[in-house]
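Colleague: Have a look at the structure that comes next, please.
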Amino acid sequence: MTDPSPQSAIQNPKSSAAVPLKVVFVGHVDHGKSTLIGRILHDTDSLPEGKIDMVKKACAAEGMEFEFAFVLDALLEEQKQNVTIDTTQIPFRTARRNYVIIDAPGHKEFLKNMITGASRADAAILVIAANEGVREQSRRHAYLLGLLGIRQILVVVNKMDLANYSEKRFGEIESEYKNFLVDLSLEARAFIPASARQGENVASRSEKIAWYDGPTLLEALDLLEVRKADVDLPLRFCVQDVYRFGERRIVAGRIETGTLRVGDELVFSPANKSSMIASIERWNAPGMGWPSPEIRLESH
Amino acid sequence: MTSTTRTHLDQLENQSIFIFREAYHAFENIAMPWSMGKDSNVLIWLARKSFFGKVPFPVLHIDTTYEFPEMLKFREWATKHYNLNLIVKINTDARERGIGYETHDPVTVTHELKTVALQQVLAEYKWDALITGIRRDEDPTRAKERYFSARNVQFEWDYKDQPPEFWEQFVTSAAKGEHVRVQPLLDWTEVDIWRYIQRENIPIPQMYFAINGKRFLSLGCSPITQPIKSTAATIEEIIAELEATKTTERAGRAQDHHERNAMQKLRAKGFL
Ligand SMILES: Nc1nc2c(ncn2[C@@H]2O[C@H](COP(=O)(O)OP(=O)(O)OP(=O)(O)O)[C@@H](O)[C@H]2O)c(=O)[nH]1
Ligand SMILES: [Mg+2]
């Protein structure tokens, strides 16, 4: 039986073994989600060798200027149209902890892909372009975050370079969108003015946006928390299958909420029959020593 | 209320086992491709954990005839040791037509000896699901994959119109002649795989460990898979090396870099 997974309380920032925070980037088409992620990966020196050269070549082949978005938008069709079609997940780490960054498409045609990506997230970054302001998917994506139970939201007001880094423009978008979130019983932890293309307030503090004294995007990310398993709720165990070994019946499945132990009385739905847990089975491979002497093979 | 602390590896293992069991419950006729590489061996390990010690479906080795001899020895050992129902498939027709790395480009050869071979054996056994060991961090097209991903009769992957996948609702049926790829390792990274191999003592071929200053990151066909410079001779050293390096795992695989978007083209046509 597999259990829910409450994360370890203390995360070891030095180790790639710690539980990652899953964060999804959502918002209206073209507002700069993929560029923002590409920028984060680039500015934190997280891209594999040769990646930037590959992106440069792809941009040249398409006759475009350099696009950080191509780090994520790897499909030929995505690059030709400069649009994200499907969601991507990419591991990433800061000094503080591990992340899985999820890029979601903003085009309304690909809403199912946005939901696919967002459904796995602990937190969301909602991106709004300063020049275009709040648009249809800026709102719809927030609705969906609410529906998916994602409560930790940061709003990035991107493309501030196209709005002269104007405090007034930022303030307009912030107050309009704040009010909208209140209607959904949502609240953003921060509104961050940034420029993904210029790298302002992404991984390092912007001098062009000196009027802002809140966190950069990277700092704000590090303040988010991994979603906790609901161990204090009543047990809900989804049965996947029943394995029969002679007289024994093993109910295979996963705990969604709550906990269980031997002796607990369970009610099975929809039949409403009850039964008691006789044992909790978990198969562990017998140790076989490593490297196994039988498979010591000659060298290459 | 007490709660046990689950590590990241526990979470990954749980999710993979969950997917194995969903697949086993949903599909009639499953097979699991097995390359004897590290991910493949983790897959076998997880299958045994899911089904109480035994792998309840056949494992399939697509033998390109360009296999490293060490890998074939490992195949023999592991088949016996795990009591596997092993099926070996070679695209003999293509070999007889003279398709090979000596004369053809790696994309063509890989397609013929791996993808077409897989098509042939699938037509023969009529599997409706294949359990694969691909991971999102291997390449950018795999980063867009689903846990359950359909392939049509021609084996094509409709990557431009993938199904929604959330709240653990999966594509669990295939039309006649089509099949579903079930991908339990999607969330794992290369380092996760190594940590798990270390934690669980999973046997793997020795070629991953450095000898004379070289080791393999990923094992494909012998003519087109190059070792990297490395002194990492233990799992600890490999993990330390991975945490410090910026070289990608598949950097030593020629077919991935043959042309722009080479991997997308291969995978759209059915490559794992
Ligand atoms: N001037 C300016 N342009 C930006 C900025 N961020 C992104 N862009 C540009 O806006 C365009 C769209 O960026 P993307 O990152 O592809 O947008 P997206 O939100 O990921 O789009 P979809 O995924 O298709 O919804 C690209 O041409 C970017 O270079 C910015 O801060 N300033
Ligand atoms: Mg995008």
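The values are calculated or read from the model by the stated rules, or taken from the named source; none is laboratory data. All figures in this text were calculated on a predicted structure; none of them were measured in a lab. Here the Cβ positions follow ideal geometry from the backbone for every residue, glycine too, while neighbour counts run over all protein chains shown. Areas reflect the complete protein model, heavy atoms only, side chains present, ligands, DNA and RNA absent. Shrake-Rupley method; radii C 1.70, N 1.55, O 1.52, S 1.80 Å.
Colleague: Given a 1.4 Å probe and heavy atoms of the protein chains only, how would you sort A:LEU266, A:LEU145, largest accessible area at the top?
Modeller: Details: A:LEU266 35, A:LEU145 0 Å².
Correct descending sequence by accessible area is A:LEU266, A:LEU145.
Colleague: Is the shape of chain B rounded, prolate or oblate, going by the alpha carbon gyration tensor and its root eigenvalues a ≥ b ≥ c, with a/c under 1.5 for rounded and a/b larger than b/c for prolate?
Modeller: Values: a/c = 1.38, a/b = 1.03, b/c = 1.35.
Note, shape of chain B comes out rounded.
Colleague: Hey, another quick one. What accessible area, in Å² to the nearest ten, does a 1.4 Å probe give for B:ILE228?
Modeller: 40
Colleague: With each label point set 7 Å from Cα along the Cα-Cβ vector, what nm distance links B:THR65 and B:THR7?
Modeller: 4.5
Colleague: Enter the mean number of other protein chain beta carbons within 10 Å of the beta carbon of each residue in B:135-147, as an integer.
Modeller: 5
Colleague: Please tell me which of these pairs span more than 28 angstrom C-alpha to C-alpha: B:LYS49/B:LYS229; B:LYS38/B:LYS89; A:LYS112/A:LYS159?
Modeller: Details: B:LYS49/B:LYS229 35 Å; B:LYS38/B:LYS89 20 Å; A:LYS112/A:LYS159 26 Å.
Violating the 28 Å Cα-Cα cut-off are B:LYS49/B:LYS229.
Colleague: Next question. Between A:VAL267 and A:ARG205, what is the label-to-label distance in nm when each label sits 7 Å out along the Cα-to-Cβ direction?
Modeller: Placing both labels 7 Å along Cα→Cβ, they lie 5.7 nm apart.
Colleague: Also, I was wondering about something else. Report the Stokes-Einstein translational diffusion coefficient (µm² s⁻¹, integer) for segment A:34-110, Rh taken as the Kirkwood radius over Cα pairs, at 4 °C with viscosity 1.567 mPa s. Working shown, then result.
Modeller: Numbers: Rh = 13.0 Å.
Once the numbers are plugged in, D ends up at 100 µm²/s.
Colleague: Per residue of segment A:55-61, in order, report the coupling 6.51 cos²θ - 1.76 cosθ + 1.60 (Karplus, θ = phi - 60°) as ³J(HN,Hα) in whole Hz, putting x for Gly and Pro.
Modeller: Along segment A:55-61, the couplings run 5, 4, 5, 4, 5, 4, 4 Hz.
Colleague: Summarise the partner chain shielding of A:86-92 as one whole number: the mean count of Cβ atoms from other chains within 10 Å of each residue's Cβ.
Modeller: Numbers: counts 9, 5, 7, 8, 5, 9, 0.
Mean partner shielding for this stretch: 6.
Colleague: Would you work out the relative contact order for segment B:132-182, in percent, from Cα pairs under 8 angstrom that are 6 or more residues apart?
Modeller: Details: 51 pairs, mean separation 21.5, N = 51.
Reported as a whole number, the value is 42 percent.
Colleague: So, one more: Take the Cβ-Cβ distance between A:LEU260 and B:PHE52 as r, set R0 to 22 Å, and report the resulting FRET efficiency rounded to the nearest 0.05.
Modeller: Values: r = 19 Å, r/R0 = 0.86.
For R0 = 22 Å, the calculated efficiency reads 0.70.
Colleague: Which residues' amide hydrogens lie under 5 Å from the amide hydrogen of B:HIS61, considering only partners 5 or more residues apart or on another chain, with H built in the peptide plane?
Modeller: Amide H to amide H, under 5 Å and 5 or more residues apart or across chains, B:HIS61 pairs with B:TRP34, B:ILE87, B:VAL88, B:LYS89.
Colleague: If you don't mind, another one. With n ≥ 4 as the cut-off for DSSP H runs, can you work out [θ] at 222 nm for chain A, using -39500 (n - 2.57) per run divided by the number of residues, rounded to the nearest 500?
Modeller: That calculation yields -7000 deg cm²/dmol at 222 nm.
Colleague: Within 10 Å of each Cβ in A:93-101, how many Cβ atoms from other chains are there, averaged over the peptide? Mind showing how you got there, number by number?
Modeller: On the way: counts 1, 0, 0, 0, 0, 2, 0, 4, 0.
That average works out to 1.
Colleague: Hey, another quick one. Apply 1/(1 + (r/R0)^6) to the Cβ-Cβ distance of B:ASN201 and A:TRP283, taking R0 = 22 Å, and write down the FRET efficiency to the nearest 0.05. Mind dumping the intermediate values first?
Modeller: Values: r = 15 Å, r/R0 = 0.69.
Calculated value: 0.90.
Colleague: Using 0.36 nm times the number of residues separating B:ALA123 and B:VAL88, minus their current alpha carbon distance, what extension gain do you get? Before the final figure, lay out the partial values.
Modeller: Values: separation 35, 0.36 × 35 = 12.60 nm, distance 1.44 nm.
Once the chain is fully extended between B:ALA123 and B:VAL88, it gains 11.2 nm.
Colleague: Another question, then. Please list, in order along segment A:103-118, the HN-Hα scalar couplings obtained from phi with the Karplus expression 6.51 cos²θ - 1.76 cosθ + 1.60 (θ = phi - 60°), rounded to whole Hz, x for Gly and Pro.
Modeller: Each residue of segment A:103-118 in turn: 8, 10, x, x, 5, 5, 4, 10, 4, 4, 6, 5, 5, 4, x, 5 Hz.
Colleague: Given a 1.4 Å probe and the protein chains all in place, what does the accessible area of B:CYS221 round to, in Å² to the nearest 10?
Modeller: Here the residue's solvent-accessible area equals roughly 10 Å².
Colleague: Using modelled amide H (1.01 Å from N, peptide plane; none on Pro or chain starts), what sits under 5 Å from the amide H of A:ALA190, excluding residues fewer than 5 places away?
Modeller: Correct list: A:VAL155.
Colleague: If packing is taken as the mean number of other Cβ atoms within 10 Å per residue, what is the order of A:203-209, A:250-256, highest first?
Modeller: Values: A:203-209: 15.9, A:250-256: 18.0.
Top of the packing list down: A:250-256, A:203-209.
Colleague: Related question: Taking 25 Å as R0, compute the FRET efficiency from the Cβ-Cβ separation of B:GLN226 and A:ALA61 and round it to 0.05. Before the final figure, lay out each step's value.
Modeller: On the way: r = 26 Å, r/R0 = 1.06.
Efficiency computed from Cβ-Cβ geometry: 0.40.
Colleague: Another question about this same structure. Below 8 Å between Cα atoms, with a sequence gap of 6+, how large is the relative contact order for segment B:3-189 in percent? Display every interim value, and only then the final one.
Modeller: Details: 250 pairs, mean separation 47.9, N = 187.
RCO, segment B:3-189: 26 percent.
Colleague: Please list, by residue number, every one of the GluC sites (Glu not before Pro) in segment B:209-251 that is coil in DSSP and has at most 13 other beta-carbon atoms within 10 Å. Could you put the intermediate results ahead of the total?
Modeller: Values: sites: B:GLU236, B:GLU237, B:GLU241, B:GLU243, B:GLU249; in loops: none.
Here no loop site has a sparse enough neighbourhood.
Colleague: How long are the semi-axes of the ellipsoid equivalent to segment B:1-61, from square roots of 5 times the Cα gyration tensor eigenvalues, in whole Å, largest first? All intermediate terms of the calculation are to be shown ahead of the outcome.
Modeller: Details: eigenvalues 117, 43, 15 Å².
They are 24, 15, 9 Å, listed from largest to smallest.
Colleague: Where the centroid of each part is defined by its Cα atoms, how far is segment A:167-211 from segment B:55-123 in Å?
Modeller: 54
Colleague: Give me the 1.4 Å probe accessible area per residue for segment A:21-221, excluding ligands and nucleic acids, in Å². Mind showing how you got there, number by number?
Modeller: Values: 7950 Å² over 201 residues.
Normalised by residue count, the accessible surface of segment A:21-221 is 40 Å².
Colleague: Keeping the other protein chains in place, figure out the carbon and sulfur percent of the accessible area of the protein assembly as shown, with a 1.4 Å probe.
Modeller: Details: 12280 of 24570 Å².
So the carbon and sulfur contribution to the accessible surface is 50 percent.
Colleague: Give me a comma-separated list of calculated 3J(HN,Hα) values for segment A:85-98, in order, Karplus coefficients 6.51, -1.76, 1.60 applied at θ = phi - 60°, integers in Hz, x for any Gly or Pro.
Modeller: Values per residue, Gly and Pro as x: 9, 10, 6, 10, 10, 9, x, 7, 9, 10, 4, 7, 6, 9 Hz.
Colleague: Shifting gears a bit: From the protein chains alone at 1.4 Å, what is the descending order of accessible area for A:ARG261, B:ARG142, A:ARG39, A:ARG120, largest first? Present the calculation step by step, with values, prior to reporting the outcome.
Modeller: Numbers: A:ARG261 135, B:ARG142 5, A:ARG39 30, A:ARG120 55 Å².
The ordering from most to least exposed comes out as A:ARG261, A:ARG120, A:ARG39, B:ARG142.
Colleague: Run through all the Cα pairs of the protein assembly as shown and give the fraction in each 20 Å bin from 0, expressed as whole percent.
Modeller: It works out to 19, 53, 25, 2, in whole percents.
Colleague: Which residues' amide hydrogens lie under 5 Å from the amide hydrogen of A:ALA104, considering only partners 5 or more residues apart or on another chain, with H built in the peptide plane?
Modeller: Under 5 Å from the amide H of A:ALA104 lie the amide H atoms of A:PHE25, each far enough along the sequence or on another chain.
Colleague: Restricting to segment A:21-221, compute how many DSSP beta bridges are antiparallel as a %, nearest 5.
Modeller: 25
Colleague: For segment A:21-221, what number results from the quotient of the Cα radius of gyration and 2.2 N^0.38 Å? Could you put the intermediate results ahead of the total?
Modeller: Values: Rg = 15.7 Å, N = 201, 2.2 N^0.38 = 16.5 Å.
Expressed relative to 2.2 N^0.38 Å, the Cα Rg reads 0.95.
Colleague: May I pose another question? Need one value: the accessible area of A:SER274 in square angstrom, 1.4 angstrom probe, rounded to the nearest 10.
Modeller: 70
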